[in-house]
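As structure tokens, the structure follows; a few thoughts come after it.
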Amino acid sequence: MLPVQILKDSAQEERGESARLSSFVGAIAIGDLVKSTLGPKGMDKILISGNPESAGGIKVTNDGATILKSIGVDNPAAKVLVDMSMTQDHEVGDGTTSVTVLAAELLKEAEKLVNQRIHPQTIITGYRRALGIAQEALKKSSIESGDNIREDLLKIARTTLGSKILSQHKEHFAQLAVDAVLRLKGSGNLDAIQIIKKLGGSMNESYLDEGFLLEKLPGMYQPRRMEKAKILIANTPMDTDKVKVFGSRVRVDGVAKVAELEAAEKLKMKEKVDKILSHNCNVFINRQLIYNYPEQLFADAKVMAIEHADFEGIERLALVLGGEIVSTFDAPDTAQFGYCELIEEIMIGEDRLLRFSGVKLGEACSVVLRGATQQILEESERSLHDALCVLVTHVKESKTVAGAGASEILMSTAIAMEAQKVAGKEALAVEAFGRALAQLPTIICDNAGLDSAELVTRLRAEHANGRHNFGIDIEKGEIADVTKLGVIESYNVKLCMVSSAAEATEQILRVDAIIKAAPRPRAQDNRPC
């Protein structure tokens, strides 16, 4: 009998070993792609978009999430790892490379077990048991920060920044990031921290400004400085009010009528400005443009008017100043104003900006980044954002674990000991999970040009003897008590990394068929030539 065809002609299907092999190869290739960026001595990648000449056309980065987000991935299993890396970035901010590399190593171990005729479901069960052991070991090794939370935050910031472009200035940026996060007073609202990038100068000239900075200026002949500012924040058209009906046409029988029409438009705009002035505000900030005539009216009324505060800027301003964005001005009583003590012009490099001091949301601040090229500035922003996210995560649950490969070897050793108590083929999967975890410090050593076999085996021996704070001192190329060196990480980041990698691996292991839908046929062009 002929096989029955269920799918359309152009649809594709892979089953069994072929599908599993395709999943493994795609996911492992993604891990190998970012593997060389792992650790303090990791290398960078240059990412070139379709148009290298455009703004942001070239990126230089070692951030796993940025690399994976920028490359086009066709393999479905590889897309699972990319999504997992994005989730890690959104949840805790750091560990995006580690989570991808760990998932790829888990799949490499799973591939070996599948080749030994061990069923994927047995491997999944073993991985789940190993994950539970790893989480328990990590939890037992974690230490509460307690009263010395600032010192722990500084150490975590230095560890996070140590593997990024800011590593040469990590002391300066660690202080900067911790000061910004402690201003949040535990709220964890990163929208209150604005990062402004300004070309020129060196990275160590970056600083934290306790006011809120806006890259805009007031209109001509308007006040350049305003104390006790009462601010109306709006999103309304302030160009000349023309007849805005599509396809409309106005016919006149003389030039005088055109002048009357322009006068009517001016009067309409004046009425709108009068309504705004009736709110008794002394600062007006608009998301859209403010044309010359309304700008002149605001100047006559001694009101500071700021135009074209982009959408993200005006949303953040409303949050920081304690106001609400309005679009109509008929009810001054219901409008919620923003307040601040002082608005003044400042200079950064050759650029002029407005600084809002004494804002209603007291934790708001701005970080001004300086750098020689746009690529350096963008990578600095990504690095600082990662550090801020990690610090905010730690403030919510202030537990720390040892860094520099110590936690991975700790979990790997705990799994290896427990695996001896597991019977059957499942024990092989548990051991494989432990071996995959031990690969992370191995890769960190390899990227630094160190003898990974020597260091990792010595490290495993120290952990077997109960010295669980021992990790790899990359600078000296030896093992050491990393907690004394100040290399610690947030417990939540490490826990999220291990859990996400195990769950993504389980999802890929469950696959036994890949079905690609038929592409949508193009409509036939029946137009005559």
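The values are calculated or read from the model by the stated rules, or taken from the named source; none is laboratory data. On a predicted model such as this, the values are computed, not experimentally measured, just so you know. Don't worry about glycine lacking a Cβ; one is built from the backbone with ideal geometry, like all the others, and counts go over all protein chains shown. Please note that ligands, DNA and RNA were not included when accessible areas were found on the heavy atoms of the full protein model with its side chains. Shrake-Rupley method; radii C 1.70, N 1.55, O 1.52, S 1.80 Å.
When the Cα positions of 348, 235, 319 are compared along the charge dipole of segment 221-361, 235 comes out farthest toward the positive end, with charges on each C-beta of Lys, Arg, Asp and Glu. The length gained by stretching the chain between residue 345 and residue 249 to full extension, at 0.36 nm per residue less their Cα-Cα distance, is 30.1 nm. Relative to the longest principal axis of the chain, what angle (0 to 90°, nearest 10) does the C-alpha long axis of helix 406-419 take? On a 0 to 90 degree scale, this one is about 40. The charge dipole of segment 298-453, taken about its Cα centre with unit charges on the Cβ atoms of Lys, Arg (+1), Asp and Glu (-1) only, comes to about 720 debye.
Give, as ranges by residue number, the residues of segment 143-170 whose backbone N falls under 11 Å from the point 7 Å along Cα→Cβ of residue 208. Once the point is set 7 Å along Cα→Cβ of residue 208, 154 turn out to lie under 11 Å by backbone N, inside segment 143-170. Residue 178 sits with roughly 0 Å² accessible to a 1.4 Å probe, with DNA, RNA and ligands left out of the calculation. Under 5 Å between amide hydrogens, built in the peptide plane, is the criterion, and for residue 195 it picks out 367 among residues at least 5 positions away or on other chains.
Scalar couplings 3J(HN,Hα) for segment 136-152, obtained by applying the Karplus form with A = 6.51, B = -1.76, C = 1.60 to θ = phi - 60°, are 5, 5, 5, 5, 5, 7, 6, 10, 5, 6, x, 6, 8, 5, 5, 5, 5 Hz; x denotes Gly and Pro.
At 0.36 nm per residue, minus the direct Cα-Cα distance, what do residue 235 and residue 216 gain on full extension? Give it in nm, one decimal, please.
Values: separation 19, 0.36 × 19 = 6.84 nm, distance 1.57 nm.
Extra length available between residue 235 and residue 216 comes to 5.3 nm.
Here the Karplus curve 6.51 cos²θ - 1.76 cosθ + 1.60, taken at θ = phi - 60°, turns the phi angles of segment 249-257 into couplings of 9, 10, 10, 10, 10, x, 5, 4, 5 Hz, with x standing for Gly and Pro. Sequentially through segment 220-229, phi angles give Karplus couplings (6.51, -1.76, 1.60; θ = phi - 60°) of 5, 6, 9, x, 8, 9, 9, 9, 6, 6 Hz, Gly and Pro residues having no value and appearing as x. With contacts taken as Cα pairs under 8 Å at a separation of at least 6 residues, the chain carries a relative contact order of 27 percent.
Report, in cubic angstrom per residue, the convex hull volume of the C-alpha atoms of segment 409-452.
Values: hull volume 2.5 nm³, N = 44.
Taking only Cα atoms, segment 409-452 has a hull volume of 58 Å³ per residue.
Using the Kirkwood radius over C-alpha pairs as Rh, can you work out the diffusion coefficient of the chain via Stokes-Einstein at 37 °C, viscosity 0.692 mPa s, in µm² per second? Result for D is 122 µm²/s.
Amide H to amide H distances under 5 Å link residue 305 with 219, 284, where only residues 5 or more positions off or on other chains count and H is placed in the peptide plane. Assuming charge only on the beta carbon of Lys and Arg (+1) and of Asp and Glu (-1), the dipole of segment 221-361 about its Cα centre is about 220 debye to the nearest 20. For residue 206, the residues 5 or more places off, or on other chains, whose built amide H falls under 5 Å of its own are 370.
The overall shape of segment 221-361, judged from the alpha-carbon gyration tensor, is prolate: a/c is not under 1.5, and a/b is greater than b/c. Mean sequence separation of contacting Cα pairs (under 8 Å, at least six apart), scaled by the length of segment 221-361, corresponds to a relative contact order of 35 percent.
Quote the FRET efficiency, to the nearest 0.05, computed for residue 83 versus residue 328 with a Förster distance R0 of 30 Å and r equal to the Cβ-Cβ distance.
Values: r = 42 Å, r/R0 = 1.39.
After rounding, the FRET efficiency stands at 0.10.
For the set 45/155; 396/484; 155/399, the pairs lying more than 19 angstrom apart at their alpha carbons are 45/155; 396/484.
Could you provide, to the nearest whole Å², the per residue accessible area of segment 221-361 with probe 1.4 Å? Numbers along the way, then the final one.
Values: 8220 Å² over 141 residues.
Accessible surface, normalised per residue, equals 58 Å².
Per residue, the average separation of C-alpha pairs within less than 8 Å and at least 6 apart gives segment 383-468 a relative contact order of 29 percent.
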